[in-house]
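Remarks on the structure that follows.
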Amino acid sequence: MVDPLRDPDLPRHVPLVRFVDPTLMHEMAQYVVMHVLIAHRGQRFFDAAQQESAWRQRMLARASRDTRIGILGLGDIGGTIATSLLPFDFQLSGWSRSRKNIPGVKSFAGDDELGQFLAQSDYLVCVLPLTGDTRGIMDAKLFAQLPKGAWVINVARGAHLIEEDLIAALDSGHLGGAVLDVFQAEPLPEGSPIWRHPKITATPHIAGITDAQAALAYVGDCVARCESGRELENVVDLGKGY
């Protein structure tokens, strides 16, 4: 998590390093794959039918090959999510500041291509870093550019999302549903309408949980690199904010 450490008084000559844990990235990918499949397969419909002891069958709303998943933020985590979704025959794309090259994933880059990316995302998965440019990026304007019935999945930061705008887009019928693992205020306040909204699945920031032993080992490696004069990995660009 870089965003709380972007202090203007932080000495520029002191490197800031991101914690990158492959296990955490794969856990986040599992979370996204699970919820994409739950929504795509209409599992909540069958859960409700089971509660009523009702035998209800229905076809998929859309074939996998015709379903477009867009990943907002195609860095380490976004790339892992995209790769994890490849076996399911979805159309995959990603948006980032710079062009990426991931086999089977269409890359959109820069502000000029964001609208085109959004217009072809039936599921929008947010894994962006939180910066001044991305804070509040998921708002009414962005939702209006998604196809009718699109789903939003946020596993990045709560501050990326304007929650009131999301609820309005769900209530209007423009968005089909949302899965949220992060929120503007955490823990999510008891009075938040998110808890009770029928089109929102909310989880308590558990898509990927940092393992303390892995974090300590990473810190130890960083210290060893500094002491031996070796190059540090995953150094934050303070100008970009990630």
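Checked against (1) without any contact (Cβ under 8 Å) to a residue 60 or more places away in the chain; (2) buried (at least 20 other Cβ atoms within 10 Å of the Cβ); (3) of a type in the set (A, V, I, L, M, F, W, C); (4) not in a loop (DSSP other than H, G, I, E, B), W151 passes all but condition (1).
Check whether at least one residue in region 214-229 is under 17 Å from the mean Cα position of the chain (by Cα) and under 27 Å from D76 (Cβ atoms), and report yes or no. So far as region 214-229 goes, no, none of its residues is under 17 Å from the mean Cα position of the chain (by Cα) and under 27 Å from D76 (Cβ atoms). Reported count of residues in region 154-174, each being among the aliphatic types (A, V, I, L, M), in contact with a helix residue (DSSP H, G or I) (Cβ under 8 Å, 6 or more places away or on another chain) and assigned to a loop (DSSP other than H, G, I, E, B), is 2. Taken across region 175-194, residues that are in contact (Cβ under 8 Å) with a residue 24 or more places away in the chain, surrounded by fewer than 20 Cβ atoms within 10 Å (Cβ to Cβ) and within 19 Å of I69 (Cβ to Cβ) do occur, with at least one present. All but one of (1) of a type in the set (G, A, S); (2) in contact (Cβ under 8 Å) with a residue 24 or more places away in the chain; (3) under 21 Å from G75 (Cβ atoms) hold for G239; state the number of the condition that does not hold. For G239, the exception is condition (2).
Yes or no, residue by residue, for (1) at negative phi; (2) of a type in the set (A, V, I, L, M, F, W, C); (3) in a strand (DSSP E or B):
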{"residue": "F143", "(1), (2), (3)": "yes, yes, no"}
{"residue": "G176", "(1), (2), (3)": "yes, no, yes"}
{"residue": "E186", "(1), (2), (3)": "yes, no, no"}
{"residue": "G208", "(1), (2), (3)": "yes, no, no"}
{"residue": "Q213", "(1), (2), (3)": "yes, no, no"}
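Of all the residues in region 220-234, those that are exposed (fewer than 12 other Cβ atoms within 10 Å of the Cβ) and in a helix (DSSP H, G or I) number 5.
Considering region 228-242, and only residues there that are among the charged types (D, E, K, R) and at pLDDT 85 or above, the residue that is farthest from E27 (Cα to Cα) turns out to be R230. Would you check if there is a residue in region 32-40 being modelled with pLDDT under 95, of a type in the set (A, V, I, L, M) and surrounded by 11 or more Cβ atoms within 10 Å (Cβ to Cβ)? Scanning region 32-40, I find no residue that is modelled with pLDDT under 95, of a type in the set (A, V, I, L, M) and surrounded by 11 or more Cβ atoms within 10 Å (Cβ to Cβ), so the answer is no. Within region 165-174, identify whether any single residue is under 30 Å from G191 (Cβ atoms), surrounded by 21 or more Cβ atoms within 10 Å (Cβ to Cβ), more than 16 Å from the chain's Cα centre (by Cα) and modelled with pLDDT of 95 or more, and answer yes or no. Yes, the conditions are met somewhere in region 165-174.
The values are calculated or read from the model by the stated rules, or taken from the named source; none is laboratory data. Here the structure is a predicted model, which is why all the values come from computation and not from measurement. Here the Cβ is made from the backbone with ideal geometry for all residues, glycine too, and neighbour counts use every protein chain on show.
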